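Sharing a structure, written as C-alpha coordinates. Questions coming.
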Amino acid sequence: MEIRGIDHIEMFVGDARQAAFYFGTAVGFHLCGQGGPETGLTGQRSLLLRQADVRMVLTSGLTAEHPAATYVQRHGDGIAVVALEVDDAAGAYAELLARGATGVSAPRTFTGADATVVVAEVGGFGDVRHRLVQRDGDRSEFLPGAVEMLPVPDGVDGGPFTDIDHLAICVPPGQLDDTVRRYREVFGFAEIFEEYIEVAGQGMHSRVVQSPSGQVTFVIIEPDVTRRPGQIDTFLTQHAGAGVQHLGLRTDDIIAAVEELSARGVRFAGTPGSYYDALEERVGRLQAPIDRLRDLGVLVDRDHAGQLMQIFTESMHVRRTLFLELIERRGALTFGSGNIKALYEAKERELAATAAAPQEVGA
(Lines give C-alpha, C1' and ligand atoms only; values in the text may rest on other atoms or scores of the structure.)
Protein backbone atom coordinates (compact mmCIF):
# COMPACT_ATOMS: atom_id res chain seq x y z
CA MET A 1 0.00 0.00 0.00
CA GLU A 2 1.42 3.35 -1.07
CA ILE A 3 -0.19 6.59 0.08
CA ARG A 4 0.77 9.11 -2.57
CA GLY A 5 -0.72 12.21 -0.97
CA ILE A 6 -3.90 14.00 0.02
CA ASP A 7 -6.37 13.67 -2.84
CA HIS A 8 -8.87 16.09 -1.28
CA ILE A 9 -10.50 17.09 1.96
CA GLU A 10 -14.23 17.18 2.58
CA MET A 11 -15.84 19.60 4.97
CA PHE A 12 -19.29 18.96 6.39
CA VAL A 13 -20.98 22.34 6.67
CA GLY A 14 -24.38 23.74 7.51
CA ASP A 15 -24.66 25.62 4.21
CA ALA A 16 -22.42 24.50 1.33
CA ARG A 17 -23.22 27.52 -0.84
CA GLN A 18 -22.42 29.98 1.94
CA ALA A 19 -19.16 28.18 2.75
CA ALA A 20 -18.23 28.14 -0.95
CA PHE A 21 -18.80 31.88 -1.11
CA TYR A 22 -16.33 32.42 1.75
CA PHE A 23 -13.64 30.12 0.37
CA GLY A 24 -14.11 31.55 -3.11
CA THR A 25 -14.32 35.24 -2.27
CA ALA A 26 -11.90 35.38 0.66
CA VAL A 27 -9.45 32.51 0.09
CA GLY A 28 -9.39 32.41 -3.73
CA PHE A 29 -10.77 28.93 -4.43
CA HIS A 30 -12.71 28.24 -7.63
CA LEU A 31 -15.95 26.28 -8.01
CA CYS A 32 -15.18 23.32 -10.28
CA GLY A 33 -17.94 20.78 -9.68
CA GLN A 34 -21.27 20.08 -8.01
CA GLY A 35 -23.37 17.12 -7.01
CA GLY A 36 -26.62 16.28 -5.28
CA PRO A 37 -29.68 14.08 -5.55
CA GLU A 38 -29.85 14.73 -9.29
CA THR A 39 -26.38 13.18 -9.72
CA GLY A 40 -26.91 10.29 -7.33
CA LEU A 41 -25.59 11.86 -4.13
CA THR A 42 -28.62 11.01 -2.03
CA GLY A 43 -29.58 13.41 0.73
CA GLN A 44 -26.75 15.86 0.24
CA ARG A 45 -25.50 18.87 -1.70
CA SER A 46 -21.77 18.94 -2.49
CA LEU A 47 -19.64 21.61 -4.13
CA LEU A 48 -16.10 20.97 -5.37
CA LEU A 49 -13.58 23.81 -5.02
CA ARG A 50 -10.02 23.86 -6.27
CA GLN A 51 -6.87 25.92 -6.18
CA ALA A 52 -3.77 24.42 -7.81
CA ASP A 53 -3.37 20.96 -6.19
CA VAL A 54 -5.75 21.70 -3.30
CA ARG A 55 -9.21 20.19 -3.75
CA MET A 56 -11.94 20.82 -1.21
CA VAL A 57 -15.45 19.36 -1.15
CA LEU A 58 -18.13 21.21 0.82
CA THR A 59 -21.09 19.00 1.75
CA SER A 60 -24.37 19.82 3.46
CA GLY A 61 -26.93 17.22 4.48
CA LEU A 62 -30.42 17.71 3.08
CA THR A 63 -32.03 15.58 5.77
CA ALA A 64 -31.54 15.49 9.51
CA GLU A 65 -30.31 11.88 9.32
CA HIS A 66 -27.55 12.49 6.76
CA PRO A 67 -24.02 12.02 8.22
CA ALA A 68 -23.10 15.60 7.25
CA ALA A 69 -26.08 16.96 9.20
CA THR A 70 -25.35 14.89 12.30
CA TYR A 71 -21.65 15.87 12.12
CA VAL A 72 -22.48 19.58 11.94
CA GLN A 73 -24.97 19.27 14.79
CA ARG A 74 -22.30 17.74 17.02
CA HIS A 75 -19.12 19.51 15.88
CA GLY A 76 -20.12 22.51 13.80
CA ASP A 77 -18.59 23.07 10.35
CA GLY A 78 -15.35 21.12 10.03
CA ILE A 79 -13.14 18.75 8.08
CA ALA A 80 -14.84 15.36 8.23
CA VAL A 81 -12.95 13.43 5.51
CA VAL A 82 -9.25 13.42 4.66
CA ALA A 83 -8.96 11.57 1.35
CA LEU A 84 -5.73 9.71 0.62
CA GLU A 85 -4.63 8.88 -2.91
CA VAL A 86 -3.55 5.25 -3.33
CA ASP A 87 -2.65 2.99 -6.27
CA ASP A 88 -5.18 0.30 -5.37
CA ALA A 89 -8.15 1.38 -3.22
CA ALA A 90 -9.59 -2.11 -2.80
CA GLY A 91 -6.21 -3.58 -1.89
CA ALA A 92 -5.42 -0.73 0.50
CA TYR A 93 -8.83 -1.09 2.15
CA ALA A 94 -8.28 -4.82 2.72
CA GLU A 95 -4.77 -4.26 4.03
CA LEU A 96 -5.85 -1.51 6.43
CA LEU A 97 -8.65 -3.67 7.81
CA ALA A 98 -6.17 -6.50 8.32
CA ARG A 99 -3.96 -4.10 10.27
CA GLY A 100 -6.82 -3.11 12.56
CA ALA A 101 -8.54 -0.17 10.84
CA THR A 102 -12.31 0.21 11.15
CA GLY A 103 -14.13 -0.20 7.85
CA VAL A 104 -16.65 2.56 7.07
CA SER A 105 -17.46 2.06 3.40
CA ALA A 106 -16.42 -0.85 1.14
CA PRO A 107 -14.80 -0.13 -2.24
CA ARG A 108 -17.10 1.44 -4.82
CA THR A 109 -16.31 2.19 -8.45
CA PHE A 110 -17.37 5.30 -10.39
CA THR A 111 -16.89 5.04 -14.15
CA GLY A 112 -17.13 7.69 -16.84
CA ALA A 113 -16.16 7.97 -20.49
CA ASP A 114 -12.56 8.94 -19.73
CA ALA A 115 -11.99 8.07 -16.08
CA THR A 116 -12.52 5.44 -13.42
CA VAL A 117 -12.36 6.25 -9.71
CA VAL A 118 -12.48 3.68 -6.91
CA VAL A 119 -13.16 4.87 -3.35
CA ALA A 120 -13.40 3.21 0.05
CA GLU A 121 -13.44 4.60 3.58
CA VAL A 122 -11.91 3.69 6.93
CA GLY A 123 -12.00 5.35 10.32
CA GLY A 124 -9.36 7.92 11.19
CA PHE A 125 -9.61 9.90 14.45
CA GLY A 126 -12.73 10.99 16.28
CA ASP A 127 -15.52 11.29 13.73
CA VAL A 128 -13.06 12.00 10.89
CA ARG A 129 -12.74 9.35 8.17
CA HIS A 130 -10.07 8.57 5.59
CA ARG A 131 -11.28 8.05 2.04
CA LEU A 132 -8.99 5.90 -0.11
CA VAL A 133 -9.02 7.17 -3.69
CA GLN A 134 -7.70 5.36 -6.76
CA ARG A 135 -7.72 7.37 -10.01
CA ASP A 136 -7.32 5.94 -13.51
CA GLY A 137 -7.67 7.90 -16.73
CA ASP A 138 -8.60 11.58 -16.85
CA ARG A 139 -7.59 12.99 -13.47
CA SER A 140 -9.63 16.15 -13.97
CA GLU A 141 -12.79 14.04 -13.48
CA PHE A 142 -13.42 14.10 -9.75
CA LEU A 143 -16.12 11.46 -9.28
CA PRO A 144 -17.57 10.34 -12.65
CA GLY A 145 -21.34 10.12 -12.66
CA ALA A 146 -21.71 11.59 -9.16
CA VAL A 147 -20.11 15.03 -9.44
CA GLU A 148 -20.82 17.21 -12.46
CA MET A 149 -17.67 19.00 -13.54
CA LEU A 150 -18.05 22.68 -14.37
CA PRO A 151 -15.99 24.70 -16.87
CA VAL A 152 -12.59 25.44 -15.37
CA PRO A 153 -12.28 29.20 -14.86
CA ASP A 154 -9.20 31.12 -15.82
CA GLY A 155 -6.66 31.26 -13.01
CA VAL A 156 -7.62 28.01 -11.29
CA ASP A 157 -3.99 26.94 -11.42
CA GLY A 158 -2.92 30.29 -10.00
CA GLY A 159 -3.74 31.76 -6.60
CA PRO A 160 -1.57 31.89 -3.50
CA PHE A 161 -1.59 28.18 -2.56
CA THR A 162 0.14 25.19 -4.12
CA ASP A 163 -0.89 22.21 -1.97
CA ILE A 164 -1.83 21.02 1.51
CA ASP A 165 1.21 21.11 3.79
CA HIS A 166 -0.30 19.48 6.89
CA LEU A 167 -3.33 19.15 9.13
CA ALA A 168 -3.22 19.87 12.85
CA ILE A 169 -5.38 17.51 14.90
CA CYS A 170 -6.45 17.97 18.52
CA VAL A 171 -7.21 14.85 20.56
CA PRO A 172 -8.58 14.55 24.10
CA PRO A 173 -6.22 13.92 27.02
CA GLY A 174 -4.88 10.37 27.04
CA GLN A 175 -5.42 9.74 23.32
CA LEU A 176 -2.16 11.06 21.84
CA ASP A 177 -0.11 7.88 22.21
CA ASP A 178 -2.85 5.64 20.82
CA THR A 179 -3.49 7.98 17.87
CA VAL A 180 0.19 8.15 16.94
CA ARG A 181 0.51 4.38 17.34
CA ARG A 182 -2.48 3.82 15.04
CA TYR A 183 -0.98 5.92 12.26
CA ARG A 184 2.35 4.16 12.62
CA GLU A 185 1.08 0.59 12.85
CA VAL A 186 -2.05 0.74 10.68
CA PHE A 187 -1.27 3.41 8.09
CA GLY A 188 2.51 2.95 7.99
CA PHE A 189 3.37 6.54 8.91
CA ALA A 190 6.62 7.52 10.63
CA GLU A 191 6.94 9.88 13.58
CA ILE A 192 9.19 12.76 12.50
CA PHE A 193 8.90 15.39 15.25
CA GLU A 194 7.92 15.72 18.90
CA GLU A 195 7.80 18.61 21.33
CA TYR A 196 6.27 19.77 24.58
CA ILE A 197 5.07 23.36 24.67
CA GLU A 198 4.48 25.32 27.86
CA VAL A 199 2.92 28.77 27.62
CA ALA A 200 1.58 30.85 30.52
CA GLY A 201 0.91 27.82 32.68
CA GLN A 202 -0.68 25.95 29.79
CA GLY A 203 0.91 22.79 28.42
CA MET A 204 0.47 20.66 25.33
CA HIS A 205 2.17 17.64 23.81
CA SER A 206 2.68 17.65 20.03
CA ARG A 207 3.82 14.78 17.81
CA VAL A 208 4.06 14.76 14.02
CA VAL A 209 3.47 11.70 11.82
CA GLN A 210 4.10 11.53 8.09
CA SER A 211 3.46 9.07 5.27
CA PRO A 212 6.48 7.35 3.65
CA SER A 213 5.91 9.52 0.55
CA GLY A 214 6.33 12.63 2.68
CA GLN A 215 3.15 14.06 1.17
CA VAL A 216 0.75 13.51 4.11
CA THR A 217 1.62 15.12 7.44
CA PHE A 218 -0.48 15.20 10.60
CA VAL A 219 0.43 17.30 13.65
CA ILE A 220 -1.34 15.63 16.59
CA ILE A 221 -1.81 17.68 19.76
CA GLU A 222 -2.98 16.71 23.24
CA PRO A 223 -3.47 19.10 26.20
CA ASP A 224 -1.52 18.58 29.40
CA VAL A 225 -4.19 18.24 32.09
CA THR A 226 -1.65 18.91 34.86
CA ARG A 227 -1.49 22.51 33.64
CA ARG A 228 -4.24 25.09 33.50
CA PRO A 229 -6.72 24.77 30.59
CA GLY A 230 -5.72 26.48 27.35
CA GLN A 231 -6.60 26.78 23.70
CA ILE A 232 -6.49 23.02 23.00
CA ASP A 233 -8.95 22.37 25.83
CA THR A 234 -11.18 25.10 24.41
CA PHE A 235 -11.10 23.52 20.95
CA LEU A 236 -12.01 20.09 22.32
CA THR A 237 -14.92 21.58 24.23
CA GLN A 238 -16.24 23.74 21.38
CA HIS A 239 -15.74 20.97 18.81
CA ALA A 240 -17.08 18.27 21.12
CA GLY A 241 -14.11 15.95 20.75
CA ALA A 242 -11.16 15.21 18.49
CA GLY A 243 -10.94 17.03 15.18
CA VAL A 244 -8.91 19.11 12.75
CA GLN A 245 -7.92 22.36 14.42
CA HIS A 246 -6.30 23.93 11.37
CA LEU A 247 -5.45 23.24 7.75
CA GLY A 248 -1.94 24.20 6.67
CA LEU A 249 -1.81 25.50 3.09
CA ARG A 250 1.57 25.86 1.43
CA THR A 251 2.54 28.91 -0.57
CA ASP A 252 5.66 29.88 -2.50
CA ASP A 253 5.37 33.54 -1.41
CA ILE A 254 3.80 34.08 1.99
CA ILE A 255 4.12 37.85 1.87
CA ALA A 256 2.17 38.06 -1.38
CA ALA A 257 -0.34 35.50 -0.07
CA VAL A 258 -1.04 37.45 3.13
CA GLU A 259 -1.38 40.67 1.18
CA GLU A 260 -3.84 39.05 -1.25
CA LEU A 261 -5.99 37.41 1.41
CA SER A 262 -5.98 40.53 3.57
CA ALA A 263 -7.26 42.51 0.59
CA ARG A 264 -10.01 39.88 0.21
CA GLY A 265 -11.09 40.44 3.82
CA VAL A 266 -9.36 37.56 5.65
CA ARG A 267 -8.35 38.46 9.20
CA PHE A 268 -5.10 37.12 10.66
CA ALA A 269 -4.01 36.50 14.24
CA GLY A 270 -2.04 39.47 15.51
CA THR A 271 1.66 39.41 16.32
CA PRO A 272 3.20 42.01 18.70
CA GLY A 273 5.99 44.10 17.19
CA SER A 274 8.35 43.04 19.99
CA TYR A 275 8.29 39.47 18.59
CA TYR A 276 10.66 40.70 15.86
CA ASP A 277 13.18 42.44 18.15
CA ALA A 278 15.31 39.33 18.69
CA LEU A 279 14.07 37.29 15.73
CA GLU A 280 17.34 37.06 13.83
CA GLU A 281 19.17 36.05 17.01
CA ARG A 282 16.73 33.15 17.36
CA VAL A 283 16.42 31.88 13.78
CA GLY A 284 19.46 33.31 12.00
CA ARG A 285 19.63 35.60 8.98
CA LEU A 286 16.14 36.10 7.62
CA GLN A 287 15.24 35.20 4.06
CA ALA A 288 12.60 37.92 3.80
CA PRO A 289 12.56 41.65 4.70
CA ILE A 290 11.93 41.93 8.44
CA ASP A 291 9.93 45.15 7.98
CA ARG A 292 7.42 43.35 5.75
CA LEU A 293 7.25 40.40 8.16
CA ARG A 294 6.58 42.80 11.02
CA ASP A 295 3.95 44.76 9.07
CA LEU A 296 2.05 41.59 8.14
CA GLY A 297 2.58 39.65 11.38
CA VAL A 298 4.32 36.68 9.72
CA LEU A 299 6.15 34.32 12.10
CA VAL A 300 9.55 32.77 11.31
CA ASP A 301 11.03 29.56 12.69
CA ARG A 302 13.59 26.99 11.63
CA ASP A 303 14.53 23.35 11.87
CA HIS A 304 17.74 21.49 11.05
CA ALA A 305 17.25 22.02 7.30
CA GLY A 306 16.18 25.63 6.97
CA GLN A 307 13.60 28.28 7.72
CA LEU A 308 9.83 28.33 7.54
CA MET A 309 7.42 31.26 7.65
CA GLN A 310 3.86 30.92 8.89
CA ILE A 311 0.78 32.86 9.89
CA PHE A 312 -2.66 31.85 11.14
CA THR A 313 -6.03 33.21 10.14
CA GLU A 314 -8.73 33.92 12.65
CA SER A 315 -11.36 31.19 12.70
CA MET A 316 -14.22 31.77 10.28
CA HIS A 317 -16.64 29.63 12.28
CA VAL A 318 -19.09 30.58 15.00
CA ARG A 319 -17.55 28.01 17.37
CA ARG A 320 -14.09 29.51 16.75
CA THR A 321 -12.68 26.08 15.92
CA LEU A 322 -11.26 25.43 12.43
CA PHE A 323 -8.86 28.01 10.99
CA LEU A 324 -6.19 28.13 8.28
CA GLU A 325 -2.41 28.35 8.39
CA LEU A 326 -0.36 29.82 5.57
CA ILE A 327 3.14 28.34 5.44
CA GLU A 328 6.16 28.88 3.21
CA ARG A 329 9.07 26.50 3.54
CA ARG A 330 12.54 27.70 2.70
CA GLY A 331 14.41 24.47 3.33
CA ALA A 332 12.62 23.46 6.55
CA LEU A 333 11.30 19.90 6.46
CA THR A 334 9.53 19.71 9.82
CA PHE A 335 8.44 22.38 12.31
CA GLY A 336 10.44 24.71 14.51
CA SER A 337 9.88 24.70 18.25
CA GLY A 338 10.28 28.36 19.09
CA ASN A 339 7.35 30.27 17.65
CA ILE A 340 4.63 29.73 20.23
CA LYS A 341 6.92 30.35 23.19
CA ALA A 342 8.69 33.28 21.54
CA LEU A 343 5.38 34.88 20.60
CA TYR A 344 4.10 34.54 24.17
CA GLU A 345 7.27 35.98 25.69
CA ALA A 346 7.18 38.90 23.24
CA LYS A 347 3.57 39.63 24.21
CA GLU A 348 4.54 39.61 27.89
CA ARG A 349 7.33 42.13 27.21
CA GLU A 350 4.93 44.32 25.29
CA LEU A 351 2.34 44.27 28.08
CA ALA A 352 5.00 44.99 30.71
CA ALA A 353 6.29 47.95 28.71
CA THR A 354 2.76 49.31 28.30
CA ALA A 355 2.09 49.00 32.03
CA ALA A 356 5.33 50.83 32.90
CA ALA A 357 4.77 53.72 30.48
CA PRO A 358 3.29 56.97 31.85
CA GLN A 359 -0.44 57.25 31.19
CA GLU A 360 -2.04 60.37 29.78
CA VAL A 361 -4.76 62.01 31.81
CA GLY A 362 -8.14 60.79 30.60
CA ALA A 363 -6.67 57.81 28.78
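Mean shadow of region 198-258, computed from the convex hull of its alpha carbons, in nm²?
6.0 nm²
Now, a different point. Can you give me the long-range amide H partners of Asp88? Hydrogens built in the peptide plane at 1.01 Å from N, cutoff under 5 Å, separation of 5 or more residues or another chain.
Glu2
Would you mind getting the Kirkwood hydrodynamic radius of region 48-128 from its Cα pairs, rounded to one decimal in Å?
14.6 Å
Percent of Cα-Cα pairs more than 16 Å apart in region 1-94, please.
In whole percent, the long-distance tail amounts to 58.
Using θ = phi - 60° and the Karplus curve 6.51 cos²θ - 1.76 cosθ + 1.60, what whole-Hz ³J(HN,Hα) does each residue of region 120-135 get, with Gly and Pro shown as x?
Going residue by residue, I get 8, 9, 10, x, x, 9, x, 9, 8, 10, 10, 9, 8, 10, 10, 10 Hz, with x marking Gly and Pro.
Starting from 0 in steps of 10 Å, tell me what percent of the Cα-Cα pairs of region 242-358 lands in each bin.
Whole-percent P(r) values from 0 Å outward: 13, 42, 34, 10, 1.
Now, a different point. Quick check: the angle from helix 16-25's long axis to the longest principal axis of the chain, C-alpha only, nearest 10 degrees?
For helix 16-25, the angle is close to 50 degrees.
Taking Cα atoms, how many degrees apart are the long axis of helix 89-99 and the longest axis of the chain, rounded to 10 and kept between 0 and 90?
The helix 89-99 is inclined about 70 degrees to the chain.
Also, quick follow-up: Report the GluC sites (Glu not before Pro) located in region 304-344 that are in a DSSP loop and have at most 15 other Cβ atoms inside 10 Å of their Cβ, or state none.
Glu314
Determine the order of Arg131, Arg228 by accessible area, beginning with the largest, at a probe radius of 1.4 Å.
Ranked from most to least accessible, the order is Arg228, Arg131.
How much solvent-accessible surface does Asp77 expose, in Å² to the nearest 10, with a 1.4 Å probe and all protein chains in place?
The value for Asp77 is about 40 Å².
Please list the non-local residues whose amide H lies under 5 Å from the amide H of Gly78, H modeled 1.01 Å from N, same-chain partners needing a gap of 5 or more.
Placed amide hydrogens put Phe12 under 5 Å from Gly78.
What dipole magnitude, in Debye to the nearest 20, does region 28-155 give about its Cα centre under +1 on Lys/Arg Cβ and -1 on Asp/Glu Cβ?
Roughly 360 debye for region 28-155.
If you place +1 on the Cβ of every Lys and Arg, -1 on the Cβ of every Asp and Glu, and leave all else neutral, what size is the dipole of the chain about its Cα centre, to the nearest 20 Debye?
Dipole magnitude for the chain comes out near 580 debye.
Follow-up question, since we're still on this one. Applying the Karplus parametrisation 6.51 cos²θ - 1.76 cosθ + 1.60 with θ = phi - 60° to the phi angles of region 312-319, what ³J(HN,Hα) value in whole Hz is obtained for each residue in order, glycine and proline being reported as x?
With the stated coefficients, region 312-319 comes to 10, 7, 6, 5, 9, 10, 5, 7 Hz.
Sticking with this one: I'd like the orientation of helix 339-356 relative to the chain: the angle between its Cα long axis and the longest Cα principal axis, in ° from 0 to 90, rounded to 10.
Once rounded, the angle reads 40 degrees.
Grab the beta carbon distance between Ala263 and Leu97, set R0 = 56 Å, and tell me the FRET efficiency rounded to 0.05.
Result of the calculation: an efficiency of 0.70.
As I understand it, the dipole of region 1-108 uses +1 on the Cβ of Lys and Arg and -1 on the Cβ of Asp and Glu, about the Cα centre. Which of His30, Ala69, Ser105 lies farthest toward its positive end?
Ala69
Could you work out Rg/(2.2 N^0.38 Å) for region 276-340, with Rg from alpha carbons only?
Scaled against compact globular proteins, the figure is 1.20.
Now for a different question. Along each of the three principal axes of the Cα atoms of the chain, give the extent in whole Å, ordering the values from largest to smallest.
Answer, in whole Å and largest first: 72, 43, 41 Å.
The values are calculated or read from the model by the stated rules, or taken from the named source; none is laboratory data. Computed from a predicted model, the values in this text were never measured in an experiment. So basically every Cβ, Gly included, is an ideal-geometry build from the backbone, and we count neighbours across all protein chains shown. All accessible areas refer to the heavy atoms of the entire protein, side chains included, with ligands and DNA or RNA removed. Shrake-Rupley method; radii C 1.70, N 1.55, O 1.52, S 1.80 Å.
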